[in-house]
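Just so you know, all these numbers are worked out from the coordinates, no wet-lab data involved. Every value quoted in this text rests on a predicted model; they were computed, and no experiment measured them. Heads up, the Cβs are rebuilt from the backbone with ideal geometry, glycines too, and the neighbour counts pull from every protein chain shown.
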Amino acid sequence: MATTSTTVPSAGPLAGSRSLLSRLRDGDEIARLITFLFAASVVLITVMLVYELWQGSALARHRFGLSFLRNSVWDPVFDQFGALPFIYGTVVTSAVALLIAVPLGIGAAIFLAELAPLRLSDTLEFFIDLLAAVPSVIYGLLGIFIIVPLMRQVVQPQLKRFLGFLLLFRGPAFGLGFLTAGVVLAIMIIPYIISVSREILLSVPRDQREAALALGSTRWESTWKVVVPFARTGIIGSIFLALARALGETMAVTMVIGNTPIISSSLLSPGDSIASVIASQFKEATGELYTQSLILLGLVLFLLTFILNGLARVMIVVTSQRGSGMAHP
Amino acid sequence: MKRIVGIVLVGLGLASFLLARATLSITGAGATFPYPMYSKWFDEYHKKNPSLEINYQSIGSGGGIKQITEGTVDFGASDGPMTDEQLKTYQDKHGFGILHFPTVLGAVVPTYNIPGVTASLNFTPEALAGIYLGKVTKWNDPLITSVNPGVNLPADDIIVVHRAESSGTTYVWTDFLSKVSEEWKTKVGKSTAVKWPVGLGGQGNEGVTGTVKNTPDAIGYVELIYAESNKIPYGNVKNAAGVFVKASLAGVTAAAAGAAKAMPDDFRVSITNAPGKDAYPISSFTWLLIPSKISDSAKRDAIKGFVSWMLADGQNYAEALSYARLPKEVVAKEKQALTNIQ
């Protein structure tokens, strides 16, 4: 926004001396005004969104206050509402998704950018972009029909058998639950990580690679020790883009998470996430407090995303300083 | 050439404007469960009365109550009757009340998936409440085996499935459980969404069915219409007279007839666990919510006209769409109540 509004007036030294009328006639001022309005609307929408969520949840905020975040009971009959199980579910499923998607996504991006022949890389990129554009309900169906049975019959029994001593893999294997939701989310966000990371890796200047190779490093060494660190900022950016999608994902999650607001250390347990509960309960929610609590959950999700995005910014700044320090010693 | 196009366009615009003014448009919103029935009715009624168009948005019962209370629609529709509190809110806001008109009936059935069991299982209300409270946890629990002689039930854990989102189906199911189990009533209660003591949530009828189908030893509940049209096996439930009844349209109407004698004047009645030996116990009305005072006389006449048609000819469309028709006693009573709309 700031760039749009400042670049136009500083277009040339003549700008200051020309009359407003002539500038209007040339269209500079008009273009400036219109583009400024477009840019301002982004801020306006954000402000309005927060305002609406804040206003719409007034009753619930007064009733529960901050205990809304701590309370783990969600009981529409007795008007008891707490967000903790949903926050937990959102964070856990997103974490599982990142744990799976980040190594796979970055690995694939490195292959596509550095090792694969250009034609193969471009062809695969086409498919990856296609995957990124698939509507999430399709991933939900994929989850229900393929991943859930696979989880229940194969993956979860094996996890229980070999890793059952961990608290993470206990309880009955329903097929639905945190782990399954995390896996479906991982499948959904991998294309984002690959696509963005590949572009970033491809944009690393050629002389960086050549310098490393000239110093006698192998192809892998030049990739891993020079190219990837150089591109680190962008790669982290792609991860956070993926995280944002995972946090807010609604349809695919609600179809496979089991929709039960409980906090369990076991990833095999059914759970629920913020976006999922809003989508499934808002439509038929009766009673002021009930609807308002759902809106308040929306506000919580907004804040959660806001905080994580803020962290992402901080991390990008920190690593870009370190990254550039390494790249240009 | 351009001018001719312009004139034609203006003419078309005028014509459509006049036509639009000639038709009266009525809007309603609410329950999703009777939506197929309502859209059929509104369509048929429009064919008979081309000047009247009824638009219905199936946004859910809660939404229907909300919208009629805010006055943004001409009528609402709900699978559960409005509570006293909701009625009072409406009265305070508008200065007149809201009337309930039952339209058709539906039922909810228990569906299950037990490997090796093909027989139609019998369920007592105690067994269903126990299963959903998490107290009956094995399929070979005496509460289940005692009423299913000759069926070899496994010693496996029961996996309970319920609706994830709030829905009228859940309202009927929990209303029934509240009536037959004191513990359910005090611990869980009845609502379109509750705090489930146990189980997994499936999204919609299809989500519950899908989860039950894919999960061995699972039990769930779905609308009768849905079970019928998708050929899903479902169990018999013991009614208040002590008879195990398999859900059917006739059984649902029988439940309504049993309750009709004690029908209150405002039609806000629950017919779960209804008396009568043919009555299927997990049945429910679905209602239209109509303001008792409609100041626009054209709209008032149109709504009244539609409701009286729905009560007479409209009922004949119900069975083809797997909805149970209203018993005669209820129809007569509703016709009388129609005069209360002013």
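Need one value for B:77-86: mean number of C-beta atoms belonging to other chains within 10 Å of its residues' C-beta atoms. Let's see the in-between values first.
Numbers: counts 0, 2, 1, 2, 0, 1, 2, 0, 2, 2.
Rounded to a whole number, the mean comes out at 1.
What residues qualify as long-range amide H neighbours of B:A218, i.e. H under 5 Å apart, gap of 5 or more or another chain, H built at 1.01 Å from N?
For B:A218, the qualifying residues are B:N113, B:I159.
Report, by chain and number, residues whose modeled amide H sits under 5 Å from the one on B:L105, excluding near sequence neighbours (fewer than 5 apart, same chain).
Answer set, sorted by chain and number: B:A324.
For chain A, divide the Cα radius of gyration by the Kirkwood radius and give the resulting Rg/Rh value with two decimals. The partial results should precede the final answer.
On the way: Rg = 24.4 Å, Rh = 23.0 Å.
Rg/Rh for chain A comes to 1.06.
What does the charge count around A:W224 come to, taking other residues whose C-beta lies under 12 Å from its C-beta (Lys +1, Arg +1, Asp -1, Glu -1)?
Values: positive: A:R209, A:R219, A:K225, A:R232; negative: A:E114, A:E221.
Combined, the nearby Lys, Arg, Asp and Glu give +2.
So how do A:M188, A:M251, A:M315 line up by other beta-carbon neighbours within 10 Å, fewest first? Please list the in-between numbers first.
Numbers: A:M188 26, A:M251 18, A:M315 15.
Fewest to most other Cβ atoms nearby, the residues stand as A:M315, A:M251, A:M188.
Looking only at chain B, where both bridge partners belong to it, what percent of the DSSP beta bridges are antiparallel (to the nearest 5)?
Values: 24 of 40 bridges.
Expressed as a percentage, antiparallel bridges in chain B total about 60.
At q = 0.11 Å⁻¹, what is the log10 ratio I(q)/I(0) for the protein assembly as shown, with the Debye formula run over Cα points and no solvent?
The Cα Debye sum returns log10 ratios of -1.18.
Explain nothing, just the number: dipole magnitude of chain B about its Cα centre with +1 on each Lys and Arg Cβ and -1 on each Asp and Glu Cβ, in debye rounded to the nearest 20. Write down the numbers at each step before the final one.
On the way: 32 positive and 30 negative charges, 139 e Å.
I would put it at about 660 debye.
Compare the peptides B:320-332, A:200-212 by average per-residue count of other Cβ atoms within 10 angstrom and give them in order, highest first. All intermediate terms of the calculation are to be shown ahead of the outcome.
On the way: B:320-332: 18.7, A:200-212: 15.1.
With the highest mean Cβ count within 10 Å placed first, the list reads B:320-332, A:200-212.
For the range A:185-233, restrict the atom set to alpha-carbon positions and state the Rg and Dmax in Å.
Radius of gyration, then largest Cα-Cα span, for the range A:185-233: 12.8, 41 Å.
For the charge dipole of the protein assembly as shown, defined by +1 on Lys and Arg C-beta atoms and -1 on Asp and Glu C-beta atoms about the Cα centroid, which residue among A:L130, B:T23, B:T170 has the Cα displaced farthest towards the positive pole?
Selected residue: A:L130.
Step through the residues of the range B:305-318 one at a time and calculate ³J(HN,Hα) from phi using the Karplus curve (6.51 cos²θ - 1.76 cosθ + 1.60, θ = phi - 60°), rounding each to whole Hz and writing x for Gly and Pro.
x, 5, 4, 5, 5, 4, 6, 9, 5, x, 4, 5, 7, 4
Per residue of the range A:287-302, what does 6.51 cos²θ - 1.76 cosθ + 1.60 with θ = phi - 60° give for ³J(HN,Hα)? Whole Hz please, x for Gly and Pro, Karplus curve as stated.
So the J values, rounded to whole Hz, are x, 4, 4, 4, 4, 5, 5, 5, 5, 4, 4, x, 4, 4, 4, 4.
Which cross-chain or sequence-distant (5 or more) residues have an amide H under 5 Å from the amide H of A:I257, H modelled 1.01 Å from N in plane?
A:G177
State to the nearest 20 debye the size of the charge dipole of the protein assembly as shown about its Cα centre, where the only charges are +1 on K and R beta carbons and -1 on D and E beta carbons. Could you put the intermediate results ahead of the total?
On the way: 54 positive and 48 negative charges, 118 e Å.
So the magnitude is around 560 debye.
How many Cβ atoms of partner chains, on average, are near each residue of A:274-284 if near means within 10 Å of its Cβ?
Values: counts 0, 0, 4, 4, 0, 3, 10, 7, 5, 11, 24.
Per-residue shielding by partner chains comes out at 6.
Using the Kirkwood radius built from alpha carbon pairs, what does the Stokes-Einstein equation give as D for the range A:25-132 at 37 °C and 0.692 mPa s, in µm² per second?
Values: Rh = 19.5 Å.
Stokes-Einstein gives a translational diffusion coefficient of 168 µm²/s.
Return the whole-Å distance between the Cα centroid of the range A:225-298 and the Cα centroid of the range A:151-178.
22
Order by neighbour count: A:V73, B:V212, fewest other Cβ atoms within 10 Å first, most last. Before the final figure, lay out each step's value.
Details: A:V73 12, B:V212 26.
Fewest-to-most Cβ neighbours within 10 Å comes out as A:V73, B:V212.
Roughly how many nanometres apart are two label points built 7 Å out from the Cα toward the Cβ at B:K185 and A:I34?
In this crude spin-label approximation the distance works out to 6.9 nm.
Based on other C-beta atoms within 10 Å, arrange B:H162, A:H62, B:H46, B:H100 from fewest to most. Show your work: numbers first, answer last.
Numbers: B:H162 25, A:H62 9, B:H46 15, B:H100 22.
Least to most surrounded, the residues fall as A:H62, B:H46, B:H100, B:H162.
Quick one: what are the phi-derived ³J(HN,Hα) couplings along the range A:59-73, Karplus 6.51/-1.76/1.60 with θ = phi - 60°, whole Hz, x for glycine and proline?
Rounded to whole hertz, the list is 4, 5, 5, 5, 5, 9, x, 6, 5, 4, 6, 8, 6, 10, 9.
Any idea what the dipole of the range A:61-327 comes to, in debye rounded to 20, about its Cα centre with Lys/Arg Cβ at +1 and Asp/Glu Cβ at -1?
Values: 18 positive and 14 negative charges, 111 e Å.
Magnitude of the dipole: close to 540 debye.
In the range A:28-66, whose amide N lies under 16 Å from the spot 7 Å out along Cα-to-Cβ of A:E288? List them in ranges.
A:55-65
Taking N as the number of residues in the range B:127-232, what is its Cα Rg relative to 2.2 N^0.38 Å? Let's see the in-between values first.
Details: Rg = 13.6 Å, N = 106, 2.2 N^0.38 = 12.9 Å.
Normalised Rg, Cα atoms only: 1.05.
Would you mind checking the radius of gyration and Dmax of chain B based on alpha-carbon positions, in Å?
Spelled out, the Cα radius of gyration and Dmax of chain B are 22.7, 86 Å.
Among DSSP beta bridges whose residues both lie in the protein assembly as shown, state the antiparallel percentage, nearest 5. Can you show the working numbers first?
On the way: 26 of 42 bridges.
Roughly 60 percent of the DSSP beta bridges within the protein assembly as shown come out antiparallel.
Considering every residue in B:162-170, what mean count of other chain Cβ atoms within 10 Å of its Cβ is obtained?
Numbers: counts 2, 3, 13, 11, 9, 4, 1, 1, 1.
Per residue, the number of nearby Cβ atoms from other chains is 5 on average.
Express in nm, to one decimal, how much length is gained between A:L24 and A:L202 on full extension, taking 0.36 nm for each residue of separation and deducting their alpha carbon distance.
Numbers: separation 178, 0.36 × 178 = 64.08 nm, distance 4.26 nm.
So the extension gain works out to 59.8 nm.
Please compute the Kirkwood hydrodynamic radius of the range B:225-286 from all pairs of different C-alpha atoms, in Å with one decimal.
Numbers: mean 1/r = 0.0838 Å⁻¹.
Kirkwood radius, the range B:225-286: 11.9 Å.
What is the extension gain from A:F162 to A:F145, computed as 0.36 nm multiplied by their sequence separation minus the C-alpha to C-alpha distance, in nm to one decimal?
Values: separation 17, 0.36 × 17 = 6.12 nm, distance 2.55 nm.
Full extension of this stretch gives 3.6 nm more.
Please work out the FRET efficiency for the pair A:D122 and B:A312, using the Cβ-Cβ distance as r and a Förster radius of 51 Å; give the result to the nearest 0.05. Could you put the intermediate results ahead of the total?
Working: r = 68 Å, r/R0 = 1.33.
E between A:D122 and B:A312, to the nearest 0.05, is 0.15.
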